[in-house]
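Here the structure is laid out as structure tokens; the discussion comes afterwards.
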Amino acid sequence: MTAAASINGGMKLDYRVQLVVSNGRAVDKDIYCTCGHNRKVKYQEEAGCCPNCGVTETREINYIYTGYTYTDTLLKVISKTDQEFHIKGEEFLISFDLPEKKFTPVLKNVRSLSFSLKDKIIHLSKNGQKLSPTDSNINPFFKGASTERVLDAISTDRNKELYRFCYNRLSCMGYERNKMWGRGLTRLKNYPVIETIGLSPLVNHLDDFWMSHKTLTRSKETMSPYKLLGVPKFMLDFISRMRTYPTFKHERIRQLCQHFDGNSVKLVMQIFDEESDIDKVYNIAETLIELNKDYDYSDLRRTILYITREVKLEQGIVDPSEAITLLRDLARMSNAMEKSFTKYPKSLKKDHDVALANYKTRESEYKQKEFVKVTEHPDYRGLAFTGKTFSIVGPNYVREVIKEGESLSHCVSSYVDDIIKRKCKILFLRDTKQLDESLVTVEVRGDVIRQVRGKFNRRPNTEERAFIELWAKTKNLEIQCH
């Protein structure tokens, strides 16, 4: 039998597929095509396309003796647009006779399915009888049809990846093992954000959003993609061209967009696109903001060209994140030593290493100055709290943090640099009547209490815990201790 087979007294069936039969002991495979061409390939070799008719679709089975029977569905497009499709499915029982090398189809059912992406309305019928559009009624419509054959029938260039996502992700969630088109299509109405992203330039990141941005993708919000992400509209093009877009990368990009105006962010992205790699922008975002805010690097164009082009061509520093880190550290150490420095040095590594050597000779003195600047800030001092039994106090000197670690036999002294860099705040829970005696150490990052530890890293007792909870409530802190 060839691709055009006779059914129902004269109708022609354009059914094309290659039946790939694996032989015993994993030696080779026989390939039988509906066009009548047969051949052998090695067991590990891909079937590829038929050399006679060019068909690429395959159906793989194990060794057979005489014949094989299976169900397949041919899909015919009645109409389709970006917002809807209407298709007909002809379900056949296909018999393959090995001795005769012949395919014989028998028509079983004819179904009709229409789906509106805008309204999520499904109409379904079988042999002319209307059916309820349940998952169990929709799934048989695609019985035997390959994923690519279904996508070719129901999708356009714009929504193809959205429908692929419906099948690969929405149709098989949690403990479900089998992918089913019915589940995928009916569940799409529960995830409006997925539809929004799937019809936007960000469609290539659908899997990233589903796996990493769970709060966002499970939201019922219906707004444009750039508003969902909290970035300027022009950023969608740059994001779409990034290789991946997980949560941590998005947070850095969003921080950049919040700190700088739109034209400045566009400038950063364009220069990285031309001189480096837009996927590396997130690596420099936090440090760039720090340079701009704390060290007066206001000439954004000059700064970005310096870390992407100038140091690469003239100093051999290829990675922009390495360059900007050296630049930030040079600025930080020079400010601490109250020494002037060249903002865009011709020998960045050399200037950095010289500053580091000078800084280390008086490191404790400089650290104490930076430490006081941080701990005297209202954000830090504002966390102090006095109660009848316990009090929360902050350190005034580096040596107090070191003493806390020695008294309680834990590693809080290693957090001095993090305090200076404003990554965390270390506070002391003390007996109100003995404020000089170490009792419990508290670590706060942002608005979250991360650690509460006593001597030998013991956890707080009932009374101490109750006071920490009261303090957290008073200061609008969240407790996420580990």
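The values are calculated or read from the model by the stated rules, or taken from the named source; none is laboratory data. Computed from a predicted model, the values in this text were never measured in an experiment. Cβ coordinates were reconstructed from backbone atoms using ideal geometry, including for glycine residues, and neighbour counts include every protein chain displayed.
Looking only at helices (runs of 4 or more DSSP H) that fall completely inside segment 374-439, which ones have 1 or more residues that are among the aromatic types (Phe, Trp, Tyr) and at pLDDT 90 or above?
Helices (runs of 4 or more DSSP H) meeting the threshold: 378-381.
Residues of segment 464-481 being of a type in the set (Asp, Glu), in contact (Cβ under 8 Å) with a residue 24 or more places away in the chain and either in contact with a Lys or Arg (Cβ under 7 Å, 6 or more places away or on another chain) or in a helix (DSSP H, G or I) (or both), which ones?
Passing the criteria: only 464.
Tell me, which strands (runs of 3 or more DSSP E) lie completely within segment 48-104 with 2 or more residues that are within 37 Å of the chain's Cα centre (by Cα) and modelled with pLDDT of 95 or more?
67-80, 84-97
Yes/no per residue for (1) exposed (fewer than 14 other Cβ atoms within 10 Å of the Cβ); (2) farther than 28 Å from residue 60 by Cα; (3) more than 33 Å from the chain's Cα centre (by Cα):
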residue: 127; (1), (2), (3): yes, yes, yes
residue: 135; (1), (2), (3): no, no, no
residue: 138; (1), (2), (3): no, no, no
residue: 157; (1), (2), (3): yes, yes, no
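One residue is enough: does segment 199-219 have a residue meeting the conditions within 23 Å of residue 312 (Cα to Cα), free of Cβ contacts under 8 Å to residues at least 40 places away in the same chain and not acidic (Asp, Glu)?
No, segment 199-219 contains no residue that is within 23 Å of residue 312 (Cα to Cα), free of Cβ contacts under 8 Å to residues at least 40 places away in the same chain and not acidic (Asp, Glu).
Considering only segment 302-349, state which residues are among the basic types (Lys, Arg) and without any contact (Cβ under 8 Å) to a residue 40 or more places away in the chain.
309, 312, 332, 339, 346, 349
Check whether at least one residue in segment 107-115 is in a loop (DSSP other than H, G, I, E, B) and within 32 Å of the chain's Cα centre (by Cα), and report yes or no.
no
For residue 65, are the conditions met, namely being without any contact (Cβ under 8 Å) to a residue 24 or more places away in the chain and aromatic (Phe, Trp, Tyr)?
When the stated conditions are applied, residue 65 does not pass them.
Per-residue answers, yes or no, for (1) part of a helix (DSSP H, G or I); (2) surrounded by fewer than 20 Cβ atoms within 10 Å (Cβ to Cβ); (3) assigned by TED's automatic domain parsing to the domain that holds residue 318:
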{"position": "237", "(1), (2), (3)": "yes, yes, no"}
{"position": "267", "(1), (2), (3)": "yes, yes, yes"}
{"position": "273", "(1), (2), (3)": "yes, yes, yes"}
{"position": "288", "(1), (2), (3)": "yes, no, yes"}
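Taking residue 293 as meeting all but one of (1) closer than 24 Å to residue 367 by Cβ; (2) out of contact with any Leu (no Cβ under 8 Å at 6 or more places or on another chain); (3) outside any helix (DSSP H, G or I), write down the number of the exception.
If we test residue 293 against (1) closer than 24 Å to residue 367 by Cβ; (2) out of contact with any Leu (no Cβ under 8 Å at 6 or more places or on another chain); (3) outside any helix (DSSP H, G or I), just (3) comes out false.
Can you name the residue in segment 360-401 that is among the acidic types (Asp, Glu) and farther than 30 Å from residue 465 by Cβ and is also surrounded by the most Cβ atoms within 10 Å (Cβ to Cβ) among such residues?
370
Identify all residues within segment 237-280 that are without any contact (Cβ under 8 Å) to a residue 24 or more places away in the chain and either farther than 28 Å from residue 214 by Cβ or of a type in the set (Gly, Ala, Ser) (or both); write none if there are none.
Across segment 237-280, the qualifying residues are 261, 263, 270, 274.
Tally up the residues in segment 294-304 that are buried (at least 17 other Cβ atoms within 10 Å of the Cβ) and at pLDDT 95 or above, please.
Residues in segment 294-304 being buried (at least 17 other Cβ atoms within 10 Å of the Cβ) and at pLDDT 95 or above: 4 in total.
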